[in-house]
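The values are calculated or read from the model by the stated rules, or taken from the named source; none is laboratory data. Being a predicted model, the structure only gives us computed values, none of them experimental. Cβ placement follows ideal geometry from the backbone for every residue including glycine, while neighbour counts extend to all protein chains displayed. Ligands, DNA and RNA are stripped out before the accessible areas are found, and what is left, the full protein with its side chains, is counted by its heavy atoms. Shrake-Rupley method; radii C 1.70, N 1.55, O 1.52, S 1.80 Å.
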Amino acid sequence: AALKGRLRSQVSAALKEGRITPTELCQRCLALIKSTKFLNAYITVAEETALKQAEESEQRYKRGQPLGILDGIPIAVKDNFNTAGIETTCASNMLKGYISPYNATVVQKLLDQGAVLLGKTNLDEFAMGSGSTDGIFGPVRNPWSYSKQYKEKSVPKSHSEDEESNWVITGGSSGGSAAAVSSFTCFAALGSDTGGSTRNPAAHCGVVGLKPTYGLISRHGLIPLVNSMDVPGILTRCVDDAAVLLGSLAGHDPKDSTTIQDDFKPFELPNLTDFSKLSIGIPKEYHAPGLSSEILALWSKAADLFKNAGAKVVEVSLPHTRYSIVCYHVLCTAEVASNMARFDGLEYGHRSDKKESTESMYAATRREGFNDVVRGRILSGNYFLLKQNYAKYFVKAQKVRRLIANDFVKVFRSGVDILLTPTTLSDAAPYTEFIQEDNRTRSAQDDILTQAANMAGLPAINVPTALSERGLPVGLQFIGRSFQEKQLLTVAKWFEKQVQFPMIQLEEVKRHDNGVFQHQKSASFS
């Protein structure tokens with residue numbers, strides 16, 4: 001029961017009352033990681049470190065001096081956050097074997113509050129993707145592929161196909177973190193969100209995915225993809241838990257000049273009772289091509305829920321949304337090209353054996369270290385940044401980004417408090433279907449409803465809403481005003497309570513062959 005409880009009201013209380021110890025909780029999560037390793041959610045499991053941290057937490061509880069709500073709580077971290085003493089790979093050959101000398105600020109904050117770090121989760125290489133299928137350790141499997149709800153609805157062509165080709169993706173690029181939370185192997189996980197990489201897998205895995213306002217949480221130690229859009233994301237099983245994590249992580253960091261200067265005061269979420277002053281905006285542009293009829297119907301029902309509760313529900317327009325995915329692609333690849341320049345084989349990471357010249361070593365290192373997706377984005381970005389193309393592509397994209405951000409400003413100034421949109425166009429695709437299209441095409445489709453919030457720097461959250469006709473999770477997205485996380489989360493909490501999203505019923509996880517991924521590092525334990 002403790003494994004499925006809420007952090008503040010149930011798990012933390014059980015630890016304080018001695019009904020369960022941090023060590024027992026940690027051991028149970030580690031056992032679940034082993035029995036669900038066919039999901040490939042973790043790249044590295046820091047078993048010894050986690051048990052040591054759990055023992056230290058247990059001693060604090062015995063002395064009656066816990067460090068807070070997170071003391072003794074098992075968490076996981078996406079493998080693009082630096083962790084001292086634990087390998088950080090970004091699921092790439094370029095960083096395979098790299099051990100950082102320091103912790104990312106968000107990781108350090110969690111450890112300072114007594115959280116138990118179970119390990120590092122799987123992702124697309126350098127977080128470039130929307131399926132968690134393109135890392136060197138193999139694809140992440142969605143826990144819902146093995147749920148009673150999905151199995152009752154899916155009709156495989158044959159028994160052998162049921163397990164090995166009928167499983168669905170987690171979404172990405174924080175698919176490992178979403179799968180870890182969804183399968184109860186941890187209570188919360190960190191992801192990163194550049195264009196929807198926390199919200200997208202949260203929607204597909206039936207968990208809460210929060211992208212905070214840009215600058216509210218430090219990026220120090222998060223290996224950068226797109227500096228102007230990257231935000232550490234939070235994945236939990238309920239909105240209240242996301243608020244707990246946010247309260248622990250938010251605030252100024254002298255190591256990140258883009259963080260807010262003011263102190264952040266953690267908050268408990270109130271129950272929403274007065275709807276008379278609440279205005280919900282429905283952006284008409286989010287009725288995008290490819291949006292499934294199921295999600296469209298859910299979106300409409302959600303709007304009716306707020307309307308019937310007494311809130312004002314209005315259709316709004318964000319006219320530059322239709323340009324956003326192209327604008328995002330130009331800016332994203334340009335910053336990727338700049339950020340990836342640091343991986344040259346000299347200071348850290350992979351270095352090629354080719355030593356004919358420094359230039360040949362650079363070239364060979366990058367060819368061997370990066371996959372096709374990363375190399376493709378570097379090439380695109382450098383093309384957009386060429387002297388003859390800079391004004392035509394990069395500068396123009398920055399101007400369009402400003403127009404997109406201004407669309408949101410105008411809507412919020414008109415009196416709208418929260419925007420309600422779909423998170424994804426459909427439920428999770430089967431892996432065999434997903435890989436038929438290339439990464440660039442898939443990312444353009446899957447990020448279409450999420451990346452505008454990153455370009456505008458706004459907070460957004462995915463709330464799991466219902467199961468599709470196939471028995472898979474579908475989520476809706478709430479977008480709030482800058483730094484108004486409390487209002488955003490309060491509305492999301494009310495909605496979560498109304499929809500009563502069902503808990504995953506994982507069936508017979510232990511009977512799966514643990515050798516499925518035995519050729520990959522993520523199947524073994526450090």
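Some observations on this one:
- Measuring nothing but protein heavy atoms, the accessible surface of region 155-264 at 1.4 Å probe radius is 49 percent carbon and sulfur.
- Shown for the chain are no DSSP H helices, since none reaches 27 Å along its axis, judged by Cα atoms, with a mean Kyte-Doolittle hydropathy of at least 0.0.
- Farthest towards the positive end of the charge dipole of the chain, among the residues 183, 258, 382, is the Cα of 258, using unit charges on the Cβ of Lys, Arg, Asp and Glu.
- Cα gyration tensor shape for region 403-450, rounded if a/c is under 1.5, else prolate or oblate: oblate
- For the residue pairs 312/399; 37/493; 16/493; 16/148, the C-alpha atoms sit more than 28 angstrom apart in 312/399; 37/493; 16/148.
- Protection proxy ranking of 139-145, 199-205, 116-122, 312-318, by the mean of other Cβ atoms within 10 Å over each peptide's residues and highest first, is 199-205, 116-122, 139-145, 312-318.
- For residue 78, net neighbour charge (Lys/Arg +1, Asp/Glu -1) across residues whose Cβ lies under 11 Å away: -2
- Cβ-defined net charge surrounding residue 54, 12 Å radius [Lys, Arg +1; Asp, Glu -1]: -4
- The alpha carbons of region 261-396 occupy a box of 72, 38, 32 Å along the principal axes, longest dimension given first.
- Euclidean distance of C-alpha centroids, region 381-447 and region 258-310, integer Å: 20 Å
- For the chain, the extents of the C-alpha atoms along the principal axes are 72, 59, 57 Å, listed from largest to smallest.
- Accessible solvent surface per residue of region 200-355, calculated while the other protein chains remain in place, 1.4 angstrom probe, Å²: 42 Å²
- Charged neighbours of residue 275, selected by a Cβ distance under 10 Å, balance to +2 (K, R count +1; D, E count -1).
- Whether region 165-317 is rounded, prolate or oblate, judged on the alpha carbon gyration tensor where a/c under 1.5 counts as rounded: oblate
- Rolling a 1.4 Å probe over the heavy atoms of the protein chains gives region 1-115 an accessible area of 39 Å² per residue.
- Relative packing of 22-28, 180-186, 475-481, which averages over residues the other C-beta atoms within 10 Å, highest first: 180-186, 475-481, 22-28
- Global geometry of region 64-150, whether rounded, prolate or oblate, following the gyration tensor of its Cα atoms and the 1.5 cut on a/c: oblate
- Of the peptides 247-253, 368-374, 61-67, the ranking by mean beta-carbon count within 10 Å, highest at the top, reads 247-253, 368-374, 61-67.
- In the chain, helices alone account for a calculated mean residue ellipticity at 222 nm of -11000 deg cm²/dmol, with every DSSP H run of four or more residues adding -39,500 (n - 2.57).
- The relative contact order of the chain, computed from alpha carbon pairs under 8 Å that lie at least 6 residues apart in sequence, is 19 percent.
- Apportionment of accessible area to carbon and sulfur, region 307-451, percent (1.4 Å): 52 percent
- Beyond 19 Å in Cα-Cα separation lie the following of the pairs 78/211; 4/211; 211/396; 4/497: 4/211; 211/396.
- Estimated dipole of the chain in Debye, rounded to 20 [Cβ of Lys and Arg +1, of Asp and Glu -1, Cα centre]: 900 debye
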